[in-house]
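Undergrad: Can you keep this structure in mind? I'll have questions shortly.
The values are calculated or read from the model by the stated rules, or taken from the named source; none is laboratory data. Please read these numbers as outputs of a predicted model, since none were measured by experiment. Don't worry about glycine lacking a Cβ; one is built from the backbone with ideal geometry, like all the others, and counts go over all protein chains shown. Ligands, DNA and RNA are stripped out before the accessible areas are found, and what is left, the full protein with its side chains, is counted by its heavy atoms. Shrake-Rupley method; radii C 1.70, N 1.55, O 1.52, S 1.80 Å.
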Amino acid sequence: SVAESEAFWAAVVEHFDLPLEGQRTLVLADRSMPGARWFPGTQTNYVSQIFRHSTEARPAVVFRNEAGDRDEVSWRRLECEVASLAQWLRDRGVKSGDRVVAYMPNIPQTVVAFLAAASVGAVWSLCSPEMGLTAVLDRYRQIEPKVLIAVDGYWWSGKAYDRRDVLWRMLDELPSIEHLLLVPYLDAAADAAQWPKGVAWRDALQREATLQIDLQPFDHPLWVVYSSGTTGLPKPIVHGHGGILIEHVKTMALHNDVVATDRFHWFTTSGWVMWNLNVAALLVGATMCIYDGNPAWPDYST
């Protein structure tokens with residue numbers, strides 16, 4: 001991987017039969033750093049690799065939280081919800097390169113939202129709802145999002161934290177946002193209609209659709225993650241579809257030895273890049289196991 005990097009990455013692509021469409025002969029067109037260009041003659045989409053593994057034999061996502069909620073999301077249900085939400089985004093003019101951001105905890109709806117955004121070529125970015133208003137604005141102002149997907153609140157250590165007032169202020173401070181998609185998580189009666197730009201999550205999923213995955217150039221932005229912000233503003237870090245697809249499959253299959261019949265869990269909040277790697281379990285067909293809340297509450301037996 002070091003002495004013969006081009007041969008190594010080409011071998012990873014071939015070994016896992018990754019969905020790179022087009023001419024794969026040229027592996028590394030430019031070695032300069034920054035600016036290296038890999039597989040410039042190809043197109044792909046991170047989502048294309050995921051639904052190759054659809055099966056009725058095991059769930060795609062297993063979810064628990066400290067409030068006692070439980071859910072198992074089948075591969076079929078995951079695909080249907082992603083397809084519906086992707087169509088909702090397209091119907092509202094979201095296109096390749098637009099930014100779709102979220103203020104969401106580690107729940108299945110966050111996975112659906114990411115995959116829907118990625119499937120249309122939109123650029124995803126995620127902040128956890130325990131992050132304060134300033135921390136979120138410092139990140140999202142830099143990327144001018146078109147759509148915000150958010151919960152009304154979250155649970156931590158047995159306490160409820162209502163974030164609806166934060167959403168109001170976020171919309172005031174982020175004028176580029178055209179739509180707020182609200183997931184009622186803390187309060188089942190939370191009403192998206194209280195915001196002028198609000199739409200209820202269930203309404204966005206009502207329309208049945210066939211999943212359409214738009215191929216993107218290999219280095220097309222997949223998501224934006226951030227540095228911690230300890231030295232000035234958080235620094236946006238852009239990862240592309242092709243690079244992350246190959247890196248994540250390699251990480252899961254070779255480093256972590258995860259296979260399709262496994263269940264994979266890495267405890268994380270949605271504000272850490274390990275959330276992104278947790279999603280990578282789906283790339284190898286494994287079940288993604290997620291937990292939202294304090295894992296040590298009410299005690300360490302949790």
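Undergrad: Taking every pair of alpha-carbon atoms in region 172-302, what share in percent sits in each 10 Å bin, from 0 to the bin with the longest distance?
TA: Result, from short to long distances: 10, 23, 38, 26, 4 percent.
Undergrad: Report the dimensions of the chain along its three principal axes from the alpha-carbon atoms, largest first, rounded to Å.
TA: 54, 44, 42
Undergrad: Ok, one more. Run the quick spin-label model on Thr230 and Trp297: label points 7 Å from Cα toward the beta carbon, then report their separation in nm to one decimal.
TA: Placing both labels 7 Å beyond Cα along the Cβ direction yields 2.6 nm.
Undergrad: Plugging the Kirkwood radius over Cα pairs into Stokes-Einstein for region 1-152, at a temperature of 20 °C and a viscosity of 1.002 mPa s, what D comes out in µm²/s?
TA: 119
Undergrad: Let me ask something else about it. Rounded to the nearest percent, how much of the accessible area of region 163-287 (1.4 Å probe, protein heavy atoms only) is carbon and sulfur?
TA: 53
Undergrad: Roughly how tilted is helix 75-91, in degrees to the nearest 10 and between 0 and 90, from the longest Cα axis of the chain?
TA: 80
Undergrad: Would you mind working out the accessible area per residue for the chain, using a 1.4 Å probe, and quoting it in Å²?
TA: Using a 1.4 Å probe on heavy atoms only, each residue of the chain averages 44 Å².
Undergrad: Now for a different question. Taking all protein chains as present, what is the carbon and sulfur share of the accessible area of region 1-111, in % to the nearest whole number, probe 1.4 Å?
TA: 48
Undergrad: Would you mind computing, in nm to one decimal, how far apart the modelled labels at Leu28 and Val238 are, each placed 7 Å from Cα along Cα→Cβ?
TA: With each label point 7 Å from Cα toward Cβ, the separation is 2.2 nm.
Undergrad: Straight-line reach from Lys197: which lysines fall under 23 Å, measuring Cα to Cα and dropping same-chain residues less than 8 apart?
TA: Lys95, Lys146
Undergrad: For Glu247 and Trp266 in the same chain, what is the full-extension length gain: residue separation times 0.36 nm, less their Cα-Cα distance, in nm?
TA: Fully extending the segment from Glu247 to Trp266 adds 5.1 nm.
Undergrad: Classify region 75-148: rounded, prolate or oblate, from the alpha-carbon gyration tensor (a ≥ b ≥ c, eigenvalue square roots; a/c under 1.5 rounded; otherwise prolate if a/b is larger than b/c)?
TA: oblate
Undergrad: Report, in whole Å, the centroid distance computed from the Cα atoms of region 282-302 and region 129-145.
TA: Between the Cα centre of region 282-302 and that of region 129-145, the gap is 26 Å.
Undergrad: Could you give me D for region 250-302, from Stokes-Einstein at 4 °C and 1.567 mPa s, where the hydrodynamic radius is the Kirkwood radius over C-alpha pairs? Units µm² s⁻¹, please.
TA: Roughly 110 µm²/s, to the nearest whole number.
Undergrad: Anyone know which of Val111, Val27, Val47 comes out most mobile in the 10 Å Cα GNM of the chain?
TA: Val27
Undergrad: Note the full-extension length gain between Ser1 and Lys95 as 0.36 nm times their separation in residues minus their Cα-Cα distance, in nm to one decimal.
TA: So the extension gain works out to 30.3 nm.
Undergrad: Rounded to the nearest 20 Debye, what is the dipole magnitude of the chain about its Cα centre when Lys and Arg each give +1 and Asp and Glu each give -1 at the C-beta?
TA: 320
Undergrad: To continue, here is another question. Pick out which of Gln109, Gln206, Gln216 has the largest mean-square fluctuation in a Gaussian network model of the chain, springs linking Cα atoms closer than 10 Å.
TA: Gln206
Undergrad: Relative to the longest principal Cα axis of the chain, at what angle does helix 241-250 sit, 0 to 90 degrees, rounded to 10?
TA: Between helix and principal axis, roughly 80 degrees.
Undergrad: So for each of 209-215, 284-290, 271-277 I average, over its residues, the number of other beta carbons within 10 Å; can you give me the resulting order with the highest mean first?
TA: Those peptides, ordered most packed to least, come out 284-290, 271-277, 209-215.
Undergrad: Quick check of the Kirkwood formula: for region 98-186, what is the inverse mean of 1/r over all pairs of different Cα atoms, in Å?
TA: After inverting the pairwise mean of 1/r, the radius is 13.0 Å.
Undergrad: Hey, with R₀ at 30 Å, roughly what FRET efficiency would Trp156 and Ala36 work out to, going by the Cβ-Cβ distance, to 0.05?
TA: E(calc), rounded to 0.05, equals 0.15.
Undergrad: How big is the charge dipole of region 1-66 about its Cα centre, in debye rounded to the nearest 20, if each Lys and Arg gets +1 on its Cβ and each Asp and Glu gets -1 on its Cβ?
TA: 120
Undergrad: Something else: Subtract the Cα-Cα distance of Thr55 and Arg77 from 0.36 nm times their separation in residues, and report this length gain in nm to one decimal.
TA: So the extension gain works out to 6.8 nm.
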